[in-house]
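What follows is a short report on a single structure.
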Amino acid sequence: MLTAPLPSQIDIRKLVVKGAEISANPPISSLPRIADLLAEGDSDTEDKAGSLAVNLRFYIDDERQRRVDGQITGTVKMTCQRCLEPMPVDVDMKFELGIVWSEEDAERLPKSLEPLIVGDELVDLADIVSDELILSLPYVNYHSPADCKQNIGYSSVDPEHTDAVGKVNVEQERDNPFQVLEQLKFDK
Ligand SMILES: [Zn+2]
């Protein structure tokens, strides 16, 4: 499959009428906002941050509703919130969108469909795929205990335990909003 950005500035109505199906391996860097969520890639090797296969099917269903059904599979590298090293996260998701032109139309959609409000605009398929990915990617990730570089017998974000161990992991001292959440959990 060709690694190329997804088509941009398209008339989604035409794809629906044609019953188009698009399969692609878009580079992570071509998906808006996704790279920011992932562990930092290596600039030498494009898409060290992961690789994804996208399939989009445009059609009119039996209820005369215009639809985009999609599937995204692959692997992305996200940051383990325990040791702050990259870790692979599998992606395997499907979505079913009902194409509508306005908010009012969106309210009439069957509950099983997520609205995709397109109005009269041309759309970038990468935007649609990014939005769905952002909704499905896990917010925090941890290696399995065997793979994690951080000893999980204690938490170095807990000051009591840090004293007991007598060592603070420099990596863990970085400002990280997730650690604040972690600390709240431990404080309970
Ligand atoms: Zn880890």
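Things worth noting here:
- Considering only region 12-136, percent of DSSP beta bridges that pair antiparallel, nearest 5: 90 percent
- Amide H to amide H distances under 5 Å link Cys80 with Glu85, Met87, where only residues 5 or more positions off or on other chains count and H is placed in the peptide plane.
- Cleavage-rule hits, trypsin sites (Lys or Arg not before Pro), region 71-133, DSSP coil, Cβ neighbours within 10 Å at most 11: Arg108, Lys111
- Neighbour cut-off at most 15 other Cβ (10 Å), DSSP loop, GluC sites (Glu not before Pro), region 40-143: Glu40, Glu46, Glu63, Glu121
- Net charge of neighbours whose Cβ lies under 10 Å from the Cβ of Thr73, counting Lys and Arg as +1 and Asp and Glu as -1: -1
- Note that region 12-136, at 37 °C in a medium of 0.692 mPa s, gets a Stokes-Einstein diffusion coefficient of 209 µm²/s from its Kirkwood radius over C-alpha pairs.
Throughout, read-outs are computed from the coordinates displayed, never taken from laboratory work. These numbers were taken from a predicted model, which means no experiment stands behind them. Using ideal geometry, Cβ is built from the backbone for each residue, glycine included, and neighbour counts are taken over all protein chains shown.
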